[in-house]
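Just below is one structure, and these are the notes that go with it.
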Amino acid sequence: MEEGKVNLFIVGAMKAGTTSFVEMLSQHPDIYVPPIKEPHYFIEKLPKSLYEPSRFFNLDSYFDKDFPKSLHITKVEKKAHYKKLYSLAKNEKYCVDASTAYLHAPGVSEAIYNYNPSAKIIILLRDPFKRAYSHYKMDLGLGRTSEKFETLIEKEVKQYEANSLPWNSYLGMSFYDRQVKSFIEKFEHVLVIQLEDLLNNSKNELKTLSDFLEISTFRVTEGSTKNISRTLRFQKVFFFLKRVGLKDYFSKIIGTKTRQYLFRISSKKASETIELDEKLKLKVLEIFKSETM
């Protein structure tokens, strides 16, 4: 592998178990995962609905003073910054970029191919309805929306019918076929994994993964491939704090461990029941079917 050259891309889908998956990869001696899990370097513009940094965050300052502090997501713009992310890699066989918006963002498969045509691509997929709902619950918890799931999906169905549905919408990021095809057509090595298969038959799926990467098998503890999502008890209050700009001040003043503790005591296990009118649900299922090639 060329020194510092990223050669393994986990391109999504968002809310399909990629965080737990990458955590598992990071434990393998042949795989280097950088301090920023999702740098999104190959996306021309990352929508605010997917990433809106704190007013106190400065990427240049991070690389000058805070690197290699762990950071989940950002939008790396500079080539020098992207290269620095992998400067701590040693003799690992793979350097990983696990930006989950890569699967759906326009032009990414071509941009990655131009960067490294020999790269291996892994795509994690999930039941499209469950992925969309999990995406919504995340936005609800982050204060990005306060509307009901049904209301938002009704709007997106109308946008779809008007051919104006954004790629970063709940439904848009649950369309897979064309997006997966764009990677398969360009890259020789593409592995598609269903989250449900990974959870229900992890031994076989992980054997397939290690064979694909041509490395030793993964040692995974029981339950490590599962992730319990949580939802805030006071979502409307959190939404208000974000809208008036107080959330950034809260995050700056309160330390990470304290924020995690406050989140645990102010949240509960998220419901997996998708609240959607049956007629609307059938309409969405028709849309998913029409997007299957």
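From the phi of every residue in the range 210-215, what ³J(HN,Hα) in whole Hz does the Karplus formula 6.51 cos²θ - 1.76 cosθ + 1.60 yield, where θ is phi - 60° and glycine or proline is x?
Working through the residues one at a time gives 5, 5, 4, 8, 6, 9 Hz.
Can you give the alpha-carbon Rg of the range 1-138 over 2.2 N^0.38 Å, where N counts its residues?
Working it through for the range 1-138, the quotient is 1.02.
Starting from the eigenvalues of the Cα gyration tensor, five times each then square-rooted, give me the equivalent ellipsoid semi-axes of the range 62-214, largest first, whole Å.
Over the Cα atoms of the range 62-214, the ellipsoid semi-axes are 29, 22, 17 Å.
Listing I184, I274 from the residue with the fewest other Cβ atoms within 10 Å to the one with the most, what is the order?
With the sparsest Cβ surroundings first, the list reads I184, I274.
For the range 160-207, evaluate the Debye formula with one uniform point scatterer on each Cα (no solvent term) and list log10 I(q)/I(0) at q = 0.14, 0.32 Å⁻¹, rounded to two decimals.
Debye output, listed in q order: -0.54, -1.06.
Can you work out ³J(HN,Hα) from phi for every residue in the range 111-118, in order, using Karplus 6.51 cos²θ - 1.76 cosθ + 1.60 and θ = phi - 60°, giving whole Hz and x for Gly and Pro?
Result, ordered by residue: 5, 5, 4, 5, 6, 8, x, 8 Hz.
Under 5 Å between amide hydrogens, which residues at least 5 positions from K93 or on another chain qualify, with H placed 1.01 Å from N in the peptide plane?
Hits under the 5 Å cutoff: I31.
Starting from the amide H of Q194, placed 1.01 Å from N in the peptide plane, find each other amide H under 5 Å away whose residue is 5 or more places distant or on another chain.
L125
Between K90 and K130, what length in nm is gained on full extension when 0.36 nm per residue of separation is reduced by their alpha carbon distance?
Stretched out fully, the K90 to K130 stretch lengthens by 10.6 nm.
When the chain is fully extended, how far beyond the present Cα-Cα distance does D177 get from F56, taking 0.36 nm per residue of separation?
Here the segment from D177 to F56 would lengthen by 39.7 nm.
Hand me the GluC sites (Glu not before Pro) from the range 69-128 located in a DSSP loop with no more than 16 other Cβ atoms within 10 Å, in residue order please.
Here the GluC sites (Glu not before Pro) that fit, given the DSSP loop and packing criteria, are E77.
At K78 and E147, where each label point lies 7 Å from the Cα along Cα→Cβ, what is the point-to-point distance in nanometres?
My value for the distance between the label points is 3.8 nm.
Starting from the eigenvalues of the Cα gyration tensor, five times each then square-rooted, give me the equivalent ellipsoid semi-axes of the range 8-66, largest first, whole Å.
23, 17, 10
Residues of the range 118-133 with the amide nitrogen closer than 14 Å to a label point 7 Å from the Cα of I215, along Cα-to-Cβ, please.
Within reach of a label on I215, which here means backbone N under 14 Å from a point 7 Å along Cα→Cβ, the range 118-133 contributes 120-122.
Using the Cα atoms as the points, what is the convex hull volume per residue of the range 68-149 in Å³?
Considering the Cα atoms of the range 68-149, their hull volume per residue is 147 Å³.
Could you calculate the FRET efficiency of N201 with K155 from 1/(1 + (r/R0)^6), where r is the beta carbon distance between them and R0 is 45 Å, rounded to 0.05?
Efficiency computed from Cβ-Cβ geometry: 0.75.
Taken together, the values in this text are just the output of simple stated rules run on the coordinates, not laboratory data. Since the structure is predicted, the reported quantities are computational estimates derived from the model, not experimental observations. Note that each Cβ is placed from the backbone with ideal geometry, even for glycine, and that neighbours are counted across all protein chains shown.
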